[in-house]
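**Q** Input: one structure, supplied below.
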2 protein chains.
Amino acid sequence: MSNGSSAQGAGVLLAILRDGHARTRGELARLTGLSRSTVSQRLDGLIGQRWVVPQESAVSSGGRPATVFAFNDAARVVLTADLGATRARLAVLDLGMNVLAERAEQLPVAHGPEPTLERVVTVLGELLAAAGRDASQVCGVGVGLPGPVEHRSGRPVNPPIMPGWDGFAVPEWLRARLGAPVLVDNDVNIMALGEHWAARPAVDHLLFIKMGTGIGCGIISGGRLHRGAQGAAGDVGHIRVPASEAPCRCGNTGCLEAVAGGASMAAALREAGIEAHGSRDVVALMRAGDLHATRLVRQAGREVGAVMASIVNFFNPSLIVVGGDVAEAGEQVLAGVRETIYSRSLPLATQHLGIRVSALGERAGIVGAAVLVAEHVLAPAAIDRAVAG
Amino acid sequence: MSNGSSAQGAGVLLAILRDGHARTRGELARLTGLSRSTVSQRLDGLIGQRWVVPQESAVSSGGRPATVFAFNDAARVVLTADLGATRARLAVLDLGMNVLAERAEQLPVAHGPEPTLERVVTVLGELLAAAGRDASQVCGVGVGLPGPVEHRSGRPVNPPIMPGWDGFAVPEWLRARLGAPVLVDNDVNIMALGEHWAARPAVDHLLFIKMGTGIGCGIISGGRLHRGAQGAAGDVGHIRVPASEAPCRCGNTGCLEAVAGGASMAAALREAGIEAHGSRDVVALMRAGDLHATRLVRQAGREVGAVMASIVNFFNPSLIVVGGDVAEAGEQVLAGVRETIYSRSLPLATQHLGIRVSALGERAGIVGAAVLVAEHVLAPAAIDRAVAG
């Protein structure tokens, strides 16, 4: 029986080994239903491409030590760029999501796609060298952008704070220069992927709320990113808040962002004669003991909690992670979120619900971008093709 | 190379053929990456168990007609029971979701699990005979219950209107009598599965709202049922409605159900001296021209729309289906739902959003119960095992 150029089963074997446990040929045959000879053939292919490394088992069942096979998460690296409105974090990670080299720097996306992405290419090259790796080891590039991204094409769609980026072919532009597959998504989605990775393996349903200048939500349903029909899922910043007529930058009134967004809190402080230009200033003022800023941040937590209380009844997540600049206010903001969700959601939906600040902090985006790439590159069908290669 | 008792690939072949298109061996080899000899072996196994039927292709590319292979959706049948508070619909369907025999009858779940399920077994036996099938052709049993069901065990969990059912082992009890795998879920989830099946293949993200005595929501994310961490997802009936202090049966005030549920509308009519005992009476009064009932139903549509407007921003569905007794008020209720969602949700989330009444009507539950069984029985790994026998 010939398998032609197919290597069906290789990807399934690798998917099993990605949990970090090394296994014998016999264990892998049992877990997959593949014959032992197929398992051996596929393992040879995976070892040849360094996806898998054979090891001597410490504990042997019989007289002689058995060979076990382990996922080689150091075999490949991922280049990542998490672009905010004015700042970027860039990094090289391996497939165990270990950060090998990273840098944060000012890089305003308002300068347009080509100047921004040229800088991204330069810095990623420097980081790759600093990590002691070369281009042949790069299996993919993951990019987060501060605006809506069409999932299929990886292109920004009418991004409000990214002049010149609408429809720009980010994946093709970067692939031509970096020579590897490029995955692009919006910043909130990649942060949700990062936090889901950090919470593995217990959490299947997770919400990541980014409280910054604006307010957005990344959604993990059944372990997968839920992007929605137009990729617009998670746009909670423009949900109506009861009893508010505050004007929002979107043109409506009473949006969550207009009462709890960093930009609106800074505006409220300026109206009170206090200098503040964004969410970071609001948090800095609060830390410095400004009562007005403290009141605003606590109220923002309650407003976000009120909206999330409805969403908790609807979605029944097991974990809510709060991130973004305003989340750096820590318990001041979290107290309001928790208080409102626990008092307004159903007991069954809250009895095991965790609500906490980001586990990864400023690294949530780069880890999530690497997860996005890993899910693509390590998909069983992709590994089958790579090994058949 | 031996495959032992494995038939890996059989399930993948069947999954491809389930779209209703017959295909040649060569097409199946290309689509799966399996060798032609493996495809032939697996097709023989599938034909032997009647999952697949070979056919002469009408159009031939060369001189002689090619053999094509088609999913045999008539090969097996599913027994289904959609139990409401007082009425049940029972049916036999094939795997193309064609209803072969069905019956609706009074069957109050309040009589307890054993009397209710004994009647279910009796009726399903009669329907199976009426459909001209026998027990050997039954591949599974799907049951919908009017209360929360633990997904893993298929048992009711503290169901408020089902005395005696808490923790009752419905799957084991029915399996002992019907001799096939039994899948149990709550009624709103199975209706969502049915409506998703009816909307296939274009709709990946669907919300099904049941407006009856209470109000619940079934959620399809990425083509899969989203049950949430405790299986409590979709409990939108107890989301707080702004500016309402109406007491709810759950003990809180201002819940959506307390203003838009059939029970609360009937209570409001009784307070006005009009006789009404449930959602069906409210709709009947509206149809008879009662202005008070009409006003209540239209307002219920607006209240549901206001809650769903926030959920549309969060979830970005492509289709919202409204079902349940109150949905039988048709445009009277739908107008309010549409008006509020379109005015309060973001344009990106509503530009391609469909909002309509149930396509399957009273059959949504039995079709969804059959889909639940089919997804279980036809899962590729299950087919691999069945064919390996």
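The numbers here are math on the coordinates, done by the rules we state, and not lab data. Predicted model only: the values in this text are computed from it and were never measured. Every residue, glycine among them, receives a Cβ derived from its backbone with ideal geometry; neighbour counts consider all protein chains shown.
**Q** Quick one: dipole size for the stretch A:10-72, taken about the Cα centre, charges +1 on Lys/Arg Cβ and -1 on Asp/Glu Cβ, in debye to the nearest 20.
**A** Dipole of the stretch A:10-72, to the nearest 20 debye: 100 debye.
**Q** Taking the alpha-carbon centroid of each part, what is the distance from the stretch A:77-118 to the stretch B:287-315 in angstrom?
**A** That distance is 47 Å.
**Q** Work out the length of the dipole vector of chain A about its Cα centre, built from +1 on the beta-carbon of each Lys and Arg and -1 on the beta-carbon of each Asp and Glu, and round it to the nearest 20 debye.
**A** 940 debye
**Q** Which Cα, out of B:Gly262, B:His277, B:Asn313, lies furthest along the positive dipole direction of the stretch B:238-389 (beta carbon charges, K/R +1, D/E -1)?
**A** Final value for the positive-end residue is B:Asn313.
**Q** Can I ask one more? Place the label 7 angstrom along Cα→C-beta at A:Pro115 and in each other copy, then list the distances from the first to the rest in nm, shortest first.
**A** Computed spacing set for this position: 8.0 nm.
**Q** Something else: Set the Förster radius R0 to 45 Å, insert the Cβ-Cβ distance between A:Glu245 and B:Ala110 as r into 1/(1 + (r/R0)^6), and round the FRET efficiency to 0.05.
**A** 0.40
**Q** Taking a temperature of 37 °C and a viscosity of 0.692 mPa s, what whole-number D in µm²/s does Stokes-Einstein yield for chain A with Rh from Kirkwood over alpha carbon pairs?
**A** After rounding, the answer is 146 µm²/s.
**Q** Among A:Ser57, A:Ala10, A:Asn72, pick out the residue whose Cα is farthest towards the positive end of the charge dipole of the stretch A:10-72, where Lys and Arg carry +1 and Asp and Glu carry -1 on C-beta, about the Cα centre.
**A** Selected residue: A:Ala10.
**Q** Which FRET efficiency value, to the nearest 0.05, is calculated for A:Ala66 and A:Arg152 with the Förster distance at 60 angstrom and r the Cβ-Cβ distance?
**A** FRET efficiency, A:Ala66 to A:Arg152: 0.85.
**Q** Considering only A:Val297, A:Ala176, A:Ala192, whose Cα is most displaced toward the positive end of the charge dipole of the protein assembly as shown, charges sitting on Cβ of Lys, Arg (+1) and Asp, Glu (-1)?
**A** Of A:Val297, A:Ala176, A:Ala192, it is A:Ala176.
**Q** Using a 7 Å offset from the Cα along the Cα-to-Cβ direction at both A:Arg356 and A:Glu118, what is the distance between the two label points in nm, to one decimal?
**A** 4.4 nm
**Q** How far is the Cα center of the stretch A:324-344 from the Cα center of the stretch B:126-178, in Å?
**A** 43 Å
**Q** For the stretch A:261-389, what is the Kirkwood hydrodynamic radius in Å, using each pair of distinct C-alpha atoms?
**A** Roughly 16.8 Å, rounded to one decimal.
**Q** Can I ask one more? To one decimal place, what Kirkwood hydrodynamic radius in Å is obtained for the protein assembly as shown from all pairs of distinct Cα atoms?
**A** Computed over the protein assembly as shown, the radius equals 28.6 Å.
**Q** So, one more: Summing -39500 (n - 2.57) over the DSSP H runs of n ≥ 4 in chain A and dividing by its residue number, what mean residue ellipticity at 222 nm do you reach, to the nearest 500 deg cm²/dmol?
**A** Roughly -12500 deg cm²/dmol at 222 nm, from the helical runs in chain A.
**Q** Follow-up. At B:Gly96, label 7 Å along Cα→Cβ: distances to the other copies, nm, ascending?
**A** Taking the point 7 Å beyond Cα along Cα→Cβ, the inter-copy spacings are 5.5 nm.
**Q** State, to one decimal in nm, how far the label point of B:Arg177 lies from the label point of A:Ala135, with both points 7 Å from Cα in the Cβ direction.
**A** Computed distance between label sites B:Arg177 and A:Ala135 equals 7.0 nm.
**Q** Taking the label point 7 Å from Cα in the Cβ direction, how far apart in nm is A:Arg295 from each other copy of itself, listed shortest first?
**A** Ordered by distance, the counterparts are at 4.1 nm.
**Q** With r as the distance between the Cβ atoms of A:Thr24 and B:Tyr342 and R0 = 56 Å, compute the FRET efficiency 1/(1 + (r/R0)^6) and round to 0.05.
**A** 0.40
**Q** At most 10 other Cβ atoms within 10 Å and a DSSP loop assignment: could you name the GluC sites (Glu not before Pro) in the stretch A:123-175 that fit?
**A** none
**Q** Then there is this: Do any trypsin sites (Lys or Arg not before Pro) in the stretch B:97-161 lie in a loop, going by DSSP, with at most 10 other beta-carbon atoms within 10 Å of their beta carbon, and if so which?
**A** Within the stretch B:97-161, the qualifying trypsin sites (Lys or Arg not before Pro) (loop, at most 10 other Cβ atoms within 10 Å) are B:Arg152.
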